[in-house]
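Worksheet for the structure shown next.
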Amino acid sequence: MVLEIVKYGHPVLRERGVRVKDIAAAATQQLIDDMFETMYDSKGVGLAAQQIGQALLLTVIDVRGVTDRPSTLEIGGQPADVESIMPLVLINPKITPVGEPTPGPEGCLSFPEIFAEITRPEKVDVKALDRKGEPLSFRAGGLLGRAIQHEVDHLNGVLFIDRMTAKEKTDLRAEIDELHTLTKRALAKKK
């Protein structure tokens with residue numbers, strides 16, 4: 001089922017996620033399926049639980065099909081095929097930045113039509129559980145590394161606008177403020 005993606009201004013986007021305890025539960029597995037369906041429907045490469053209104057440490061990612069921004073993957077210190085872990089579910093993830101900070105373009109499904117250059121470490125070491133509750137451990141770079149960092153930020157209540165330069169934030173201020181206002185109005189109508 002395609003779920004509603006909450007937009008900037010919704011308070012859940014600033015909430016830290018709680019650990020997912022019952023991974024095997026039918027409700028958890030259905031949520032993962034729904035998150036993938038929602039992400040694909042919106043043409044995204046990642047979606048955090050906060051973006052569909054649930055403050056959980058759960059994100060889904062799929063960078064297959066993106067050819068203009070390559071991804072890298074290392075498992076056990078050896079290069080691996082990114083496709084081998086796609087589509088990717090990260091539950092209760094912990095990440096460690098690796099490498100030099102590198103700027104790159106980012107957008108966010110909770111900020112439609114707003115894009116900016118965001119500087120992040122070029123690679124990240126990831127430890128998480130997959131949708132079966134099995135441990136995952138790998139190093140990701142390129143688009144995959146960037147997507148993981150972006151989504152784990154969401155899980156901690158951090159948004160990509162928090163990582164923009166002052167100039168970029170100033171340049172996008174009108175669009176960001178308008179989105180915030182529209183979201184707050186929509187939430188007020190639902191009450």
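The values are calculated or read from the model by the stated rules, or taken from the named source; none is laboratory data. Keep in mind it's a predicted model, so treat the numbers as computed, not measured. Here Cβ is always computed from backbone atoms with ideal geometry, including for glycine, and neighbour counts include all displayed protein chains.
As a summary of the residue check, residue 79 satisfies the conditions (1) in contact with a helix residue (DSSP H, G or I) (Cβ under 7 Å, 6 or more places away or on another chain); (2) modelled with pLDDT of 95 or more except for the one numbered (1).
Going residue by residue through region 32-43, is there one that turns out to be modelled with pLDDT of 95 or more, under 20 Å from residue 153 (Cα atoms) and in contact with a helix residue (DSSP H, G or I) (Cβ under 7 Å, 6 or more places away or on another chain)? Yes, region 32-43 contains a residue that is modelled with pLDDT of 95 or more, under 20 Å from residue 153 (Cα atoms) and in contact with a helix residue (DSSP H, G or I) (Cβ under 7 Å, 6 or more places away or on another chain).
Being of a type in the set (A, V, I, L, M), buried (at least 20 other Cβ atoms within 10 Å of the Cβ), under 21 Å from residue 15 (Cα atoms) and in contact with a helix residue (DSSP H, G or I) (Cβ under 7 Å, 6 or more places away or on another chain) holds for only one residue in 89, 126, 152, and it is 89. The C-beta contact set for region 60-85 (first residue within 16 Å of residue 126 (Cβ to Cβ), second residue β-branched (Val, Ile, Thr) and in a loop (DSSP other than H, G, I, E, B), distance under 8 angstrom, 6+ apart or interchain) comprises 61/45; 62/45; 63/45; 71/63; 82/63. Once region 2-27 is narrowed to residues that are closer than 21 Å to residue 161 by Cβ, out of contact with any His (no Cβ under 9 Å at 6 or more places or on another chain) and among the basic types (Lys, Arg), the residue that is surrounded by the fewest Cβ atoms within 10 Å (Cβ to Cβ) is 16.
In this structure, residue 121 does satisfy being closer than 25 Å to residue 75 by Cα, surrounded by fewer than 19 Cβ atoms within 10 Å (Cβ to Cβ) and modelled with pLDDT of 95 or more.
The sole residue among 94, 21, 43 that is basic (Lys, Arg), free of Cβ contacts under 8 Å to residues at least 60 places away in the same chain and assigned to a strand (DSSP E or B) is 94.
From the residues in region 46-60 that are assigned to a loop (DSSP other than H, G, I, E, B) and in contact with an Asp or Glu (Cβ under 8 Å, 6 or more places away or on another chain), which one is surrounded by the most Cβ atoms within 10 Å (Cβ to Cβ)? Checking each candidate, the answer is 55.
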